[in-house]
Amino acid sequence: MKTFGLHVAITALGLASFGQAVEDGFDNSVAVLRAVGGEGHGNAAAGSALQYLARGGVDTLPALLAAMDGANPFAVNYLRGAVEVIAGNALDKGGELPLVKLGEFLLNKTHDTKPRALAFELVRRADAEAAERLVPGLLGDPSVDLRREAVARLLVQAGGLAKAGNKSAAVLLSRQALDAARDLDQIQAVAGALRELDRKVNLTRHFGFLVDWQMAGPFHNKDRAGFASVFGPEKNGDLSATYDGMKGKVKWQPYSSGDEYGMVDFNKPYGDLKEVTGYAQTEFFSNTDRPAELRLGCKNAWKIWLNGELVFERDEYHRGTRIDQYKLSVQLIKGGNMILVKACQNEQVEDWTVQWQFQLRVCDPTGTAIHSATKKN
């Protein structure tokens, strides 16, 4: 009996040690993937770690999703690869995914948006009906990917109501969809549907584009030297100031964009000039200290400052522009926040190089507009 008891104890100890080794292997492999960086940093070790994790069971899926929280994009891609291999192998063999745990992960909004969206994909693969029942609750979700699902459903429902002749209900559902939509294609689709229903849509305000500015220019950009040059507006942004411009003295002048997507066009006050630099500034009022994003679209070389501090710059010309082309994390202060944009036009004369312009909005990480507290922008 004593021998048998000793054997059981040794076996239990061995299993415990094995379990600890497995746990250590998982944690170490996750740590390796989270350490991956740009330019191939850590890729060699990551390959082995990925293979180890991909051999795990479906019970590791929630932990792998949680490991994506706060991880850099390279690490997230590796971890996502492990998740997809494990889930794919299980489903191919007729197995089941841990639906409840994945659903609980999805519904926990303290997790990052990307792994929560991946959790929803897994829930849908495990039980499509359950996933569909969750969709309406995603309409105001911080994950734009998840929110998109709910907006798409509303668009279909609104379209059906419009075809059935129930225009009032179609308008209400479309308004609800527009309030929730954050992706450009969906916003444009619902705006078009509302206009077909004879309703007005203010996309400028929906996006939160800043349209009221003060402009100063033109300054030179000969041989593209204007980008690095420090002209008067960078030294003193006082609206009463006068500067030495390219063709004499210049001062600030008001400008208001009438473009639906908030395009601020330097060509309008100054003409279609080449090898020039222009500045635009505006004051944005915040009710409180808060994090935010400046989202810029610009095909010219540009710099942007917030409250006198350089936020970011890009010395590049005419590679296209789009809404939210650049997303810049900033910290707003309570009260007035001065935003200064510098835009340089180069020497190219092709038709597609005429634009000397930018669009800018202030929003939260979901793309929800943050409006100036004391004036409409």
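Only residues that are of a type in the set (Lys, Arg) and part of a helix (DSSP H, G or I): list them for the stretch 265-279, please.
Matches in the stretch 265-279: Lys268 only.
Among the residues making up the stretch 318-367, those that are over 28 Å from Phe219 (Cα atoms) and either touching a Lys or Arg at 6+ places or on another chain (Cβ under 7 Å) or not in a loop (DSSP other than H, G, I, E, B) (or both) are Ser329, Gln331, Leu332, Gly335, Cys363, Thr366, Gly367.
The single condition from (1) buried (at least 20 other Cβ atoms within 10 Å of the Cβ); (2) touching a residue at least 40 places away in the same chain (Cβ under 8 Å); (3) of a type outside the set (Asp, Glu) that Ala46 fails is (2). Scanning the stretch 252-272 for residues that are touching a Gly at 6+ places or on another chain (Cβ under 9 Å) and in contact (Cβ under 8 Å) with a residue 40 or more places away in the chain gives Tyr261, Gly262, Met263, Phe266, Pro269, Tyr270.
Is one or more of the residues making up the stretch 14-27 at pLDDT 90 or above and either within 18 Å of Asp112 (Cβ to Cβ) or more than 25 Å from the chain's Cα centre (by Cα) (or both)? Scanning the stretch 14-27, I find at least one residue that is at pLDDT 90 or above and either within 18 Å of Asp112 (Cβ to Cβ) or more than 25 Å from the chain's Cα centre (by Cα) (or both), so the answer is yes.
How many of the residues in the stretch 153-198 are surrounded by 14 or more Cβ atoms within 10 Å (Cβ to Cβ), among the basic types (Lys, Arg) and either part of a helix (DSSP H, G or I) or in the same structural domain as Arg133 (by TED's automatic domain parsing) (or both)? Residues flagged as surrounded by 14 or more Cβ atoms within 10 Å (Cβ to Cβ), among the basic types (Lys, Arg) and either part of a helix (DSSP H, G or I) or in the same structural domain as Arg133 (by TED's automatic domain parsing) (or both) within the stretch 153-198 amount to 3.
Scanning the stretch 280-287 for any residue that is assigned to a strand (DSSP E or B) and among the β-branched types (Val, Ile, Thr) turns up at least one such residue. Within the stretch 168-179, is even one residue among the polar types (S, T, N, Q) and either modelled with pLDDT under 95 or out of contact with any Leu (no Cβ under 8 Å at 6 or more places or on another chain) (or both)? Within the stretch 168-179, one or more residues are among the polar types (S, T, N, Q) and either modelled with pLDDT under 95 or out of contact with any Leu (no Cβ under 8 Å at 6 or more places or on another chain) (or both).
Per the listing Val250, Val230, the residue uniquely more than 23 Å from Glu316 (Cα to Cα) and outside any helix (DSSP H, G or I) is Val250. For the stretch 37-83, name all the residues that are of a type in the set (Gly, Ala, Ser) and not in a helix (DSSP H, G or I). Passing the criteria: Gly37, Gly38, Gly40, Gly42, Gly56, Gly57, Gly70, Ala71.
The values are calculated or read from the model by the stated rules, or taken from the named source; none is laboratory data. Predicted model, so just to flag it, every value in this text is computed and none were measured. Reconstructed Cβ throughout: ideal geometry from the backbone, glycine too, with neighbour counts over all protein chains shown.
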